[in-house]
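Attaching a single structure in structure tokens format; questions to follow.
The values are calculated or read from the model by the stated rules, or taken from the named source; none is laboratory data. Owing to the predicted nature of the structure, the values given are computational and were not obtained by experimental measurement. No Cβ is skipped: glycine too gets one built from the backbone with ideal geometry, and neighbour counts run over all protein chains shown.
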Amino acid sequence: MRAFFHRDQHLHAPQQFMRAGVISDPKDLPARVDALLGALGERGIAPEAPRDQGLEPLLAIHTRPYLDFLASAHERWQQIPDAGPEVLPNVSPYWNGRPEWPHRPACRSSSVVAQAGHYLGDLAVPLGPHTWRSSLASSHTALAAADAVIGGTDKAYALCRPSGHHARTDRASGFCYLNNSAIAAERLRTRFGRVAVLDVDAHHGDGTQEIFYRRSDVLTVSVHVDPDAYYPFYTGYADERGSGEGEGFNRNLPLPPGASDRQMHDAVAEALKEISAFGPDALVIALGYDSHEDDPIGLLKVTTEGFEGIGRQIGAMGLPTLVVQEGGYQISVIGDCLGRFLDGLLDKA
């Protein structure tokens, strides 16, 4: 197995996020990376540094105005008198959410305040001085792992931070700025005719769903907490099946709050049955540990051992597989969660 990571992913250091009306301490801490690197080291897996691939691969997923905003917003923000240390929105546009649109029109205003409201979807995506640099490195990590699979590697792991599955074509949200799983899936499509994305983070992969919602060459399946009770609230329901050419190529499997290992494994089994029927040539796993019973913002009761079961189920598919790191915020357990998942994926006793 090959793994990939860029040291610039340490740099993103958010100072705050809004939760239930309270400005709270950040959860996506740089120390998350160290815990995951430790798990790789314990298994003799030395992560490789990805090469710089620029913006071109990102433009297959994200719009140019959005990328330009992410790259420039913090510097422009600091020119506002009495501005805070991070870019956060205090305005937002109305949009009717038309599913047949691949993305919204660009923000009409040149104001960074207006653009923050347009391109940042909530108060969980502060833009600091190094957010863009870390996000870009994270996307290149996903691309390097995808290239490894294209080159014949059977299993690859992309240690991505910041995470990506909430990022839409032109909007950041939920700690996510660039959609690493979607970027990786799109790169795999240059080699493989059909690609499936299975998201097993506790939160619905709303960005990934939207990006591929009108396509039939990429199947998206997400196992997550019922959005009636949990972020992102507005998407992730079972009746969301795709639009136009993509009708029938999206599947959501919501779990009730408090769901156990067995319920998670049953949902993953159902997801993999649907994936098998689709007949993909390669598989992307959007892997989060916020379903763990100790996660500070989680609602599920999956155990550390439960992640080994998830990995074993996925490994039994026998597909070229790229694992992209998503959420998981209890630093004391996420290393063990990754380690046990890899043990199951690689079928190690």
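Quick one: Arg76 ticks every box in (1) touching a helix residue (DSSP H, G or I) at 6+ places or on another chain (Cβ under 7 Å); (2) among the basic types (Lys, Arg); (3) surrounded by fewer than 16 Cβ atoms within 10 Å (Cβ to Cβ) bar one, so which box is it?
Evaluating Arg76 over (1) touching a helix residue (DSSP H, G or I) at 6+ places or on another chain (Cβ under 7 Å); (2) among the basic types (Lys, Arg); (3) surrounded by fewer than 16 Cβ atoms within 10 Å (Cβ to Cβ) leaves (3) as the failure.
Here's a follow-up. When you look at Gly236, is it in a loop (DSSP other than H, G, I, E, B), crowded, with 19+ Cβ neighbours inside 10 Å, in contact with a helix residue (DSSP H, G or I) (Cβ under 8 Å, 6 or more places away or on another chain) and free of Cβ contacts under 8 Å to residues at least 40 places away in the same chain, yes or no?
Here the answer is yes, as Gly236 does meet what is asked.
Assuming Tyr94 fulfils every condition listed in (1) surrounded by fewer than 16 Cβ atoms within 10 Å (Cβ to Cβ); (2) at pLDDT 95 or above; (3) of a type in the set (Ser, Thr, Tyr) apart from one, which condition is it?
Going through the list (1) surrounded by fewer than 16 Cβ atoms within 10 Å (Cβ to Cβ); (2) at pLDDT 95 or above; (3) of a type in the set (Ser, Thr, Tyr), Tyr94 breaks only (2).
How about region 289-315: which of its residues are aliphatic (A, V, I, L, M) and part of a loop (DSSP other than H, G, I, E, B)?
If the condition is that a residue be aliphatic (A, V, I, L, M) and part of a loop (DSSP other than H, G, I, E, B), then Ile297, Leu299, Leu300 are the ones that fit.
Residue check: is Ile23 β-branched (Val, Ile, Thr), at pLDDT 95 or above and out of contact with any Leu (no Cβ under 7 Å at 6 or more places or on another chain)?
no
OK, next. Give the residues of region 246-256 that are surrounded by 15 or more Cβ atoms within 10 Å (Cβ to Cβ) and either more than 14 Å from Thr235 (Cβ to Cβ) or of a type in the set (S, T, N, Q) (or both), sorted by residue number.
Listed by number, the residues that qualify are Gly246, Phe249, Asn250, Asn252, Leu255.
Here's another thing I want to ask about it. Could you tell me whether Ile285 is surrounded by fewer than 18 Cβ atoms within 10 Å (Cβ to Cβ), closer than 16 Å to Leu159 by Cβ, in contact (Cβ under 8 Å) with a residue 40 or more places away in the chain and not acidic (Asp, Glu)?
When the stated conditions are applied, Ile285 does not pass them.
Additional query: What tally of residues in region 309-327 results from selecting those that are over 28 Å from His6 (Cβ atoms) and either touching a helix residue (DSSP H, G or I) at 6+ places or on another chain (Cβ under 9 Å) or charged (D, E, K, R) (or both)?
Adding up the residues that qualify gives 5.
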